[in-house]
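Novice: Here it is, the structure, as structure tokens.
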Amino acid sequence: MPNQLADLDEVFQALAHPARRHVVRRLSTGTAAVSELAEPFDMALPSFLQHLEVLEHCGLVDSEKVGRVRRYRLTPEPLRVARGWLQEQQAVWERRLDQLDDYLLDLKRQQENDR
């Protein structure tokens, strides 16, 4: 479990940057070459390649070199793990908010009965 949490930390850290989120969104529609992925950004190619390295390091993307062109594709499993963690947190907070709602309704009923 600790290793999975460390992996999850890397995924969220990778997704924290808007350029990397854009790349993930783009790759959800299919593979793309580095030049295609870098086109929308006003940054030097070495800087953009660092973003791709972060995504590849955490497992969100992988790449393959075909001839002189490196193509990237999305690897969805880390996103599934992140979604699972977020769903767990959502369930915890929904339960806590339901408990708070019940408590506040009981408190209101008690105040009304005390009048």
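Computed from the coordinates by the stated procedures, all read-outs in this text should not be read as laboratory data. Remember, it's a predicted structure, so these values are computed and weren't measured experimentally. Every residue, glycine among them, receives a Cβ derived from its backbone with ideal geometry; neighbour counts consider all protein chains shown.
Novice: Looking only at Leu104, Leu27, Leu49, which one moves most when the chain is put into a Gaussian network model with springs between Cα atoms under 10 Å?
Specialist: Maximum among the listed residues: Leu104.
Novice: Hey, another quick one. Could you tell me which residue out of Val11, Leu107, Met43 lies farthest along the dipole of the chain toward its positive end? Charges go on the beta carbon: Lys and Arg +1, Asp and Glu -1, centred on the Cα centre.
Specialist: Value computed over the given set: Met43.
Novice: Also: Show me 76-82, 38-44, 97-103, 9-15 ranked by packing, highest mean number of other Cβ atoms within 10 Å first.
Specialist: 9-15, 76-82, 38-44, 97-103
Novice: May I ask for the net charge around Thr29, where only other residues with Cβ less than 15 Å from the Cβ of Thr29 are counted and Lys, Arg are +1 while Asp, Glu are -1?
Specialist: Summing Lys/Arg as +1 and Asp/Glu as -1 gives +3.
Novice: Go through (i) 15.7, 44; (ii) 22.0, 82; (iii) 16.5, 50 and flag the label whose value is the computed Rg and Dmax of the Cα atoms in Å for this structure.
Specialist: Read-out taken from this structure: (ii).
Novice: Taking the Cβ of Ser47 as the centre, find all other residues whose Cβ is under 13 Å away and add up their charges (Lys, Arg: +1; Asp, Glu: -1).
Specialist: -1
Novice: Could you give the length gained by full extension between Asp98 and Phe41, i.e. 0.36 nm per residue of separation minus their alpha carbon distance, to one decimal place?
Specialist: Result for the pair: 16.1 nm of gain on full extension.
Novice: Same structure, new question: Taking the Cβ of each residue in Asp106, Asp7 as the centre, tally the other Cβ atoms inside 10 Å and list the residues starting with the fewest.
Specialist: Final ranking by Cβ density, sparse to dense: Asp106, Asp7.
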